[in-house]
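A short write-up of the structure that comes next.
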Amino acid sequence: FARVSNIREPLETDDAAADFAIEFIQELCQRIRIPPTLTEIGVTSDQIPALVKSSRGNSMSANPRHLDDGELTAVLEGLL
């Protein structure tokens, strides 16, 4: 991450590093035109249960933090 984001010096605190990473990802998403909300790509709240169910068999298996269905639902609802 440090290489692609051009970090030259270590950041002073974990919070500073986290803030930098968040800002970097937000700017990257803007540059490559990834919409900031699911609503912008046509997802509605009634589709969230199906999204949660379909997420179990793919890339979620490599996520370093396991999310149960309730947690994943909350994340997706927050992205509407």
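Taking Pro64, Pro36, Pro49 as the candidate residues, the one with maximal mean-square fluctuation in a Gaussian network model of the chain, Cα springs under 10 Å, is Pro64. Each Cα pair under 8 Å and six or more residues apart adds its separation to the average, and for region 36-80 the resulting relative contact order is 68 percent.
Toward the positive end of the charge dipole of the chain, with +1 on the Cβ of Lys and Arg and -1 on the Cβ of Asp and Glu, the farthest Cα among Ala74, Ala18, Gly42 is that of Gly42.
For the residues Gly70, Gly42, Gly57, a GNM of the chain with alpha-carbon springs under 10 Å puts the largest fluctuation on Gly57. Couplings for region 19-26, taken from phi via the Karplus curve 6.51 cos²θ - 1.76 cosθ + 1.60 with θ = phi - 60°, read 4, 4, 5, 4, 5, 4, 5, 4 Hz in order; Gly and Pro are left as x.
Dipole size of region 36-80 about its Cα centre, with +1 on Lys/Arg Cβ and -1 on Asp/Glu Cβ: approximately 200 debye, rounded to the nearest 20. Mean separation of Cα pairs under 8 Å and 6 or more residues apart, divided by the residue count, gives the chain a relative contact order of 32 percent.
Shown is the FRET efficiency for Leu28 and Ser61, computed with R0 = 22 Å from the Cβ-Cβ distance and rounded to the nearest 0.05: 0.35. Comparing Leu11, Leu28, Leu67 in a Gaussian network model of the chain, where Cα atoms under 10 Å apart are tied by springs, the biggest mean-square fluctuation is seen for Leu11. Convex hull volume of the C-alpha atoms in region 36-80, normalised per residue: 79 Å³.
None of the figures in this text is laboratory data; all of them are computed from the coordinates on show. Here the structure is a predicted model, which is why all the values come from computation and not from measurement. No Cβ is skipped: glycine too gets one built from the backbone with ideal geometry, and neighbour counts run over all protein chains shown.
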